[in-house]
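The values are calculated or read from the model by the stated rules, or taken from the named source; none is laboratory data. From a predicted model like this one, the values you see are computed outputs, not experimental measurements. Every residue, glycine among them, receives a Cβ derived from its backbone with ideal geometry; neighbour counts consider all protein chains shown.
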Amino acid sequence: MIAELLKLRSPRLQLFHVRMAFSEDMESVGKFALRKVWVLFTTILRIAVARIRYGTPVLYYPPSGPNKVPVLRDIVLLCATRWMFPKVVFHFHAGGVSTFGPQLPSVLGPFYRYAYGRPALSIRTAPQNPEDGKAFGALRDVVVPNGIPDMRGQVAERNAGPGDPLVILFTGVLIPSKGVRVMLEAFRNLVQRGVDARLELMGKWGDAAFEQECTRWVAEHGLVDRVTFLGVRKDLDKFAHFAGCDIFCFPSYFEAESFGLVLVEAMQFAKPVVSTLWRGIPSVVQEGVNGFLVPIEDADAVADRMQRLAEDPALRKRMGEEGRRIFLRDLTLEAFHRSMERELVAVSEAN
């Protein structure tokens, strides 16, 4: 979403980007590495250079989720840089960092409070997310939904016809809290109920041990011919899988989940979705309108909703069309740009 934000072109706003390349892949997210110490030092230096060169009065920063190593990184970076800027904007793409303070050693408390305290503006992606900005004393707290470019028409679409197996798609980092085990168990339940379906899981494995656990589970339950781990797919290849599924399922309970952008990627292709009552996901999925929402870690409930969709093509079509309508109304890149421009200009011009 930061990359999409940088595409914003406005006569009232200039954006200068200092890239924070701390993690090379998902396996290194939240883990300490000496390389990250060097990246942290050079990032602080580049922020200082950008402040001097461009004279921007506002530091825009996306705080980490509630994990120790990223929080310590934030504390060092923000304590070293935010004093240079009259105003700070926090955009909480991950949620829950305001609850992490008690887990830090008491000696770090003042630095934690200074690093995150009293931003001029805090932005959440959904109203259901933790109110991190308010907890840190933000002068203003707003909600701006994420938005993506409309890719419909760029790839061929497919819907199962009479007698065809349904294609169910999961997309995300393949880790337990994204709901991968729940997804597999729900799919097994669905097949046992007699539904002819195929499951595709698209994304990078969090670690090799979990990959082995899941592939072994699929084999033990006789699902090798029905379950495909696609790995990472990019660009049009990725969108072809969204456009080619019949149901999109995302049973996430990820600790830092704040929005569920993959749900929007499915909705743009008019696909019905099944997801969870977790964090900002209900701001994207309206129960009974463009999909279903179930409690977290409830494989039976996921299977029930997928079965309802599997057995009712008209329901799949209606929910998919509602999802497309919601996407066009609220979740396009243009809508995101308009909202971000309004909020960033307002904070820049405020006394």
ask   = How many residues are surrounded by 13 or more Cβ atoms within 10 Å (Cβ to Cβ) and farther than 23 Å from LEU263 by Cα if we restrict to the range 215-252?
value = 5
remark   = Among (1) more than 18 Å from LYS271 (Cβ to Cβ); (2) part of a helix (DSSP H, G or I), ASP237 falls short only on (1)
task = Evaluate the range 191-206: report whether one residue or more is at positive phi and buried (at least 21 other Cβ atoms within 10 Å of the Cβ).
result = yes
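Residue by residue, here is whether (1) more than 29 Å from ARG279 (Cβ to Cβ); (2) touching a residue at least 60 places away in the same chain (Cβ under 8 Å); (3) aliphatic (A, V, I, L, M) holds:
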| site | (1), (2), (3) |
| --- | --- |
| ARG158 | yes, yes, no |
| LEU166 | no, yes, yes |
| LEU184 | no, no, yes |
| ARG188 | no, no, no |
| ARG193 | yes, yes, no |
| ALA197 | no, yes, yes |
| GLU200 | no, no, no |
message = Filter the range 65-106 down to the residues that are over 23 Å from PHE16 (Cα atoms) and part of a loop (DSSP other than H, G, I, E, B) and list them by number.
response = GLY65, PRO66, ASN67, GLY95, GLY96, PHE100, LEU104, PRO105
task = For the range 245-351, please list each of the strands (runs of 3 or more DSSP E) lying entirely inside it that holds at least 1 residues being farther than 14 Å from ALA186 by Cα.
result = 273-276, 291-294
note = Residue hits (the range 107-152; among the charged types (D, E, K, R) and either part of a helix (DSSP H, G or I) or closer than 22 Å to PRO86 by Cα (or both)) are ARG113, ARG118, ARG124, ASP132, LYS134, ARG140, ASP141
message = So in the range 233-258, with the set limited to residues that are closer than 21 Å to VAL302 by Cα and charged (D, E, K, R), which one is modelled with the highest pLDDT?
response = ASP246
query = Name the pairs whose Cβ atoms lie under 7 Å apart, with the first residue in the range 206-232 and under 12 Å from VAL191 (Cβ atoms) and at pLDDT 95 or above, the second in a strand (DSSP E or B) and not aliphatic (A, V, I, L, M), and 6 or more positions between them or separate chains?
reply = ARG226/ARG198
query = Going through the range 66-111 one residue at a time, which ones are over 25 Å from the mean Cα position of the chain (by Cα) and surrounded by 20 or more Cβ atoms within 10 Å (Cβ to Cβ)?
reply = THR81
query = Restricting attention to the range 122-144, which residues are buried (at least 20 other Cβ atoms within 10 Å of the Cβ) and in contact with a Leu (Cβ under 7 Å, 6 or more places away or on another chain)?
reply = ALA138
task = Residue by residue through the range 276-321, note down the ones that are over 22 Å from SER258 (Cα atoms) and of a type in the set (D, E, K, R).
result = ASP300, ASP304, ARG305, ARG308, GLU311, ASP312, ARG316, LYS317, ARG318, GLU321
query = Would it be correct to say that PHE210 is in contact with a helix residue (DSSP H, G or I) (Cβ under 6 Å, 6 or more places away or on another chain) and either in the same structural domain as ILE175 (by TED's automatic domain parsing) or assigned to a loop (DSSP other than H, G, I, E, B) (or both)?
reply = no
inquiry  = Which residue is surrounded by the fewest Cβ atoms within 10 Å (Cβ to Cβ), if the candidates are limited to the range 46-64 and must be assigned to a loop (DSSP other than H, G, I, E, B) and in contact (Cβ under 8 Å) with a residue 12 or more places away in the chain?
reply    = PRO57
task = Check THR43 against each of (1) buried (at least 19 other Cβ atoms within 10 Å of the Cβ); (2) under 25 Å from ASP141 (Cβ atoms) and name the one condition it does not meet.
result = (2)
request  = Looking only at the range 103-113, decide whether some residue is among the charged types (D, E, K, R) and in the same structural domain as ASP196 (by TED's automatic domain parsing).
outcome  = no
